[in-house]
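Structure, as structure tokens:
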Amino acid sequence: MAAHIGRLVRIGCHQKILSCQVTSRCSPVPAISQCAPAVCLLQVRYPSSKHFNPKFRKLRRKKIMKIDLPDYGKVMKDQDMSADEKHKQMKKDKIPPPRIFQERPINISCTSAIFEPFVPPEGDGKSSLLSTEGVKQKYTEFEKKGKSFMALRKVRQFEDDFDIKDFALQAQDIVMEAQKCLEDIRGNRNRLHELVSEKAFVEMVFGLEKKTFHWKFVESIEPPRVTHVRTTEVLGKDNLYAQVTVRIHTKQILAIYDRFGRLMYGSETIPKDCLEYVVFEKHIANVYGQWRVHGKIIPDWMPPREPLIKTYRVATFEPLEELEEDSSSTSVEKQGEDTSVQTAA
């Protein structure tokens, strides 16, 4: 039997208090009989701070939360300390020095740039095939087709049914849908990530916050065609990415309104010819990879875009006091008199 320490109270005529200690070696019955054989005894507990019901002990413990209060005197001293003194103090307090993390997050679903970008010939979309410039453009395109055919073979190793003509039409549909999704970015955010890579998403959404975007496809001036195909290896020979540049010549309507409802750019009634070289990318080593818009090639010879019409708040100026106007007029009159006296002299 476990050791138990208690206090026994004798109830009788003299009401004497007797204490007996019962250990594990002796049983409680003979001890009680020796102390008071014919007396009624009561067991009394020592005064304790414990709750009488240990059932909710864990919940009662959670009521109290220990907080390490900051030492504000030490904080004020640390502000005046030099870097060496702080380092010594951290050593005394056994605090390890802070780590400097220089790692950058890597997104393996797409690359960070356009590798070997296609250079559009100058005057593309304006010169006809019968002119000298048109013939030169066709000749330069024929020279660049060698690398594209080699890259196309690698793409077909992962996609057997990849066809350039079918892909050009599919690419145009992807661009049209992505442009339409920009009218409601919050509602179409998930769909935009399916159509556009992480690099192109930031570039397309930038500047459209608190603005109204209206876009409409009118017609296709020329059928889309693939002009450039490239593949690259990232962190290994089996990890391949493919980029395909598609030439899209269409007629579009674009209008952007600011938060006040005023037109900033474009027009909702006047369509414009748009010649675009859109780059599509796919992680072809990934079984679940998709062709997505990765960027747009803007040549150096392209004329600059029209500036945005911004809305400004009219500045309010406080009216000048009359005393300042009177003092300025009197000073001007005095200067005039001084000059007249000097000329007379």
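The values are calculated or read from the model by the stated rules, or taken from the named source; none is laboratory data. Here the structure is a predicted model, which means the values were calculated and not measured. Positions of Cβ are backbone-derived with ideal geometry, glycine not excepted, and every protein chain shown enters the neighbour counts. When the accessible area is computed, the model is the full protein with side chains, heavy atoms only, and any ligands, DNA or RNA have been set aside. Shrake-Rupley method; radii C 1.70, N 1.55, O 1.52, S 1.80 Å.
Across segment 180-260, Cα pairs under 8 Å and at least six residues apart give a relative contact order of 33 percent. Using C-alpha pairs below 8 Å separated by at least 6 residues, the relative contact order for segment 227-268 is 27 percent. Can you list which of the chymotrypsin sites (Phe, Trp or Tyr not before Pro) found in segment 155-236 are DSSP loop residues with at most 14 other C-beta atoms within 10 Å? Listed in order of number, the matching sites are Phe206.
Note on segment 198-245: Rg/Rh from Cα positions, Kirkwood definition for Rh, rounded to two decimals, is 1.14. At 1.4 Å probe radius, can you tell me the per residue accessible area of segment 163-313 in Å²? Per-residue accessible area for segment 163-313 comes out at 60 Å².
Ordered by 1.4 Å accessible area with all protein chains kept, Glu321, Glu103, Glu222 run largest first as Glu103, Glu321, Glu222.
When the listed pairs Lys210/Lys310; Lys165/Lys251; Lys58/Lys94; Lys210/Lys282; Lys154/Lys282 are checked against a 23 Å cut-off, the alpha-carbon distance exceeds it for Lys58/Lys94; Lys210/Lys282.
Using every pair of distinct Cα positions in segment 200-319, the Kirkwood expression returns a hydrodynamic radius of 17.7 angstrom. Which of rounded, prolate, oblate describes segment 251-303, given a ≥ b ≥ c as roots of the alpha-carbon gyration tensor eigenvalues and a/c under 1.5 marking rounded, otherwise prolate only if a/b is larger than b/c? The shape class here is prolate. Does a label point 7 Å from the Cα of Leu169, set along Cα-to-beta-carbon, have any residues of segment 219-236 with amide nitrogen under 18 Å, and which are they? Of the residues in segment 219-236, 219-227 have backbone N under 18 Å from the label point off Leu169. Of the GluC sites (Glu not before Pro) found in segment 252-287, those in coil by DSSP whose Cβ has at most 16 other Cβ atoms within 10 Å are Glu268. For segment 164-170, backbone phi angles converted through the Karplus equation (6.51, -1.76, 1.60; θ = phi - 60°) give residue-by-residue couplings of 5, 5, 5, 5, 4, 5, 5 Hz, Gly and Pro being listed as x. Length available on full extension from His87 to Asp161: 0.36 nm per residue minus the Cα-Cα distance, which gives 20.2 nm. Rounded to the nearest 10 square angstrom, Met176 shows an accessible area of 30 square angstrom against a 1.4 Å probe. Across segment 214-332, the relative contact order, built from alpha-carbon pairs under 8 Å that are at least six residues apart, equals 20 percent. Neighbours of Pro70 by Cβ distance under 13 Å: Lys/Arg scored +1, Asp/Glu scored -1, total -1. For segment 258-316, trypsin sites (Lys or Arg not before Pro) meeting the loop criterion (DSSP other than H, G, I, E, B) and having at most 11 other Cβ atoms within 10 Å: Arg259, Arg262, Arg305, Lys310, Arg313. Projecting the Cα atoms of Gln89, Pro117, Gln102 onto the charge dipole of segment 79-126 (Cβ charges, centred on the Cα centre) puts Gln89 farthest toward the positive pole. Over segment 236-307, with every protein chain in place, what whole percent of the accessible area is carbon and sulfur at 1.4 Å, could you tell me? Roughly 54 percent of what the probe reaches on segment 236-307 is carbon or sulfur.
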